[in-house]
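S.K.: Below: one structure in structure tokens.
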Amino acid sequence: MNEPETQHGASQHPADDAAPYDYTYVSSVARIACYDDLMSAPRITEIQPAPTADFINALSSAIYEQAHQWDSHIPYTVIREVAENYIHARFTEMIVSILDHGNTIRFADQGPGIPFKDRVQMPGFSSATEPMKRYIRGVGSGLPMVKEYLEFNHGTITIEDNLGTGAVVTIGFDREGAAEEAQQQTEADARDALERERQASFGGAQQQASQPAYQQVYPGAGGQDFVQPHYFAAQQVEQQAQPFARQQAYVPQQFGQPAAYPAQQAQPFTAQPQLAAQQQAFVQQQAAAGQFATQQQFGQQAAAGQQFGQTPADPASNLQGIVADLAQREREVLPLFQPGDPLRVTDVVNLSGLSPSTISNVFTKLEKKGLLQRVGKDKREVTSLGAQVSSVLQSLPNQAQ
């Protein structure tokens with residue numbers, strides 16, 4: 001796609017000597033061939049001639065939309081960076097082939113070709129002229145950025161000569177490699193979570209063991225204070241808190257018959273080991289705070305479905321936490337969805353005015369947070385959680401935030 005240059009930087013394109021090329025308008029037709037499989041003919045989409053900026057936008061968007069009808073992982077920015085390089089070939093005989101369910105895209109032309117295929121993937125090497133720089137950056141950063149992104153995300157880029165003349169640039173995404181890495185990352189995160197939980201439990205036990213024993217101080221005669229160790233105080237509290245559970249249960253006496261004793265003696269509240277441990281911890285903590293806790297207080301807390309030392313989760317606070325974690329673009333896009341009304345990337349582009357690449361990235365982030373879900377090949381809809389978060393966003397005083 002890049003034009004060869006002489007020592008003085010002049011283009012060797014054959015048409016240079018005849019007439020200058022008009023870069024303001026693309027008079028060629030680009031064809032996008034979408035292969036459902038290699039056993040049938042591809043579906044063809046044509047991008048008609050248009051002003052250069054409009055043509056590049058239309059071509060890039062059409063490639064992105066058709067690739068993401070499947071499970072493509074190639075972002076819009078990568079597609080556009082490669083598509084912009086058609087300007088070096090003067091948009092001559094452009095053919096874009098979409099294969100492998102959108103994860104392989106091949107850009108071909110019949111321009112002058114790329115003689116130094118290794119250099120064009122290094123920053124700073126460019127054959128862009130001043131007329132081209134009105135529509136592209138022209139600093140030799142496009143293909144290096146594409147290579148860096150793809151190599152970091154299990155992708156590849158190759159540059160080859162076309163048949164006869166021109167160049168072919170192929171970008172691809174390794175789905176199996178990405179899935180394997182994601183699985184390994186998930187397993188590593190699970191192991192880290194278990195390790196953190198184990199360390200937290202071990203640290204809590206150490207902290208409890210290192211806490212000073214509770215002592216109750218009573219004033220004594222002659223200015224001498226009497227110190228009661230914590231275990232006596234705890235024992236006293238527990239004895240005070242014990243209900244009359246150890247007494248035998250009373251059975252009403254029928255006329256003419258003696259009262260029957262129960263089959264077994266009623267067990268106290270502390271007979272259950274797990275509850276006994278929780279009760280003991282509750283009493284000790286209350287005693288450490290200078291308060292006497294009763295068994296009834298502990299029972300009320302347990303009846304409310306709470307474990308000792310925990311507070312019930314607040315759904316409203318959870319939603320506020322999710323809202324606080326949203327980026328600005330995510331806050332702008334999420335309220336555009338209505339329950340039961342899925343949208344495409346292009347729909348949100350028209351509603352928000354943002355670029356397709358930005359919308360695609362926002363979609364991915366909202367899906368990971370469970371606020372959007374995919375519907376069909378290229379649509380997303382808001383989840384029940386996403387609808388709740390969207391309602392919170394719309395209720396905020398400043399919608400722009």
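S.K.: Accessible surface of His101 in the full protein assembly, 1.4 angstrom probe, to the nearest 10 Å²?
M.R.: Answer for His101: close to 80 Å² accessible.
S.K.: Next up: Net charge within 15 Å of Ser97 by Cβ-Cβ distance, Lys/Arg positive one each and Asp/Glu negative one each, not counting Ser97 itself? If you can, show how the numbers build up before the last one.
M.R.: On the way: positive: Arg31, Arg43, Arg106; negative: Asp36, Asp37, Glu46, Glu93, Asp100, Asp109, Glu160.
After counting each charged neighbour, the total is -4.
S.K.: Quick one: with all protein chains in place, what share of the accessible area of the stretch 74-129 is carbon or sulfur, to the nearest percent (1.4 Å probe)?
M.R.: Numbers: 1070 of 2000 Å².
That fraction is 53 percent.
S.K.: For every other residue with a beta carbon closer than 12 angstrom to the beta carbon of Gln110, add +1 if it is Lys or Arg and -1 if Asp or Glu, then tell me the sum. Could you put the intermediate results ahead of the total?
M.R.: Values: positive: Arg90; negative: Glu93, Asp109, Asp161.
Neighbour charge sum, excluding Gln110 itself: -2.
S.K.: Let's test the formula: R0 of 30 Å, r as the Cβ-Cβ distance of Arg196 and Gln394. What FRET efficiency results, to the nearest 0.05? Could you put the intermediate results ahead of the total?
M.R.: Values: r = 36 Å, r/R0 = 1.20.
The calculated FRET efficiency here is 0.25.
S.K.: Can you tell me how the stretch 100-173 classifies by the Cα gyration tensor, rounded, prolate or oblate, using a/c under 1.5 as the rounded cut? Present the calculation step by step, with values, prior to reporting the outcome.
M.R.: Values: a/c = 1.83, a/b = 1.23, b/c = 1.49.
Oblate is the answer for the stretch 100-173, as a/c is 1.5 or above yet b/c matches or exceeds a/b.
S.K.: Right, another one. Sum up the charges of everything whose Cβ sits under 15 Å from the Cβ of Phe202, counting Lys and Arg as +1 and Asp and Glu as -1, but leave Phe202 out.
M.R.: Numbers: positive: Arg196, Arg198; negative: Glu195, Glu197.
Value of the local net charge: 0.
S.K.: Sticking with this one: Whole number in Å², please: accessible area per residue of the stretch 337-401, 1.4 Å probe, ligands, DNA and RNA not counted. Could the numbers behind the result be given before it?
M.R.: Numbers: 3370 Å² over 65 residues.
About 52 Å² of surface per residue is accessible.
The values are calculated or read from the model by the stated rules, or taken from the named source; none is laboratory data. Please read all numbers here as calculations on a predicted model, not as lab measurements. Cβ: placed from backbone, ideal geometry, glycine included. Neighbour counts: every protein chain shown. For the accessible areas, the whole protein counts, side chains as well, though only heavy atoms, and no ligand, DNA or RNA atoms are used. Shrake-Rupley method; radii C 1.70, N 1.55, O 1.52, S 1.80 Å.
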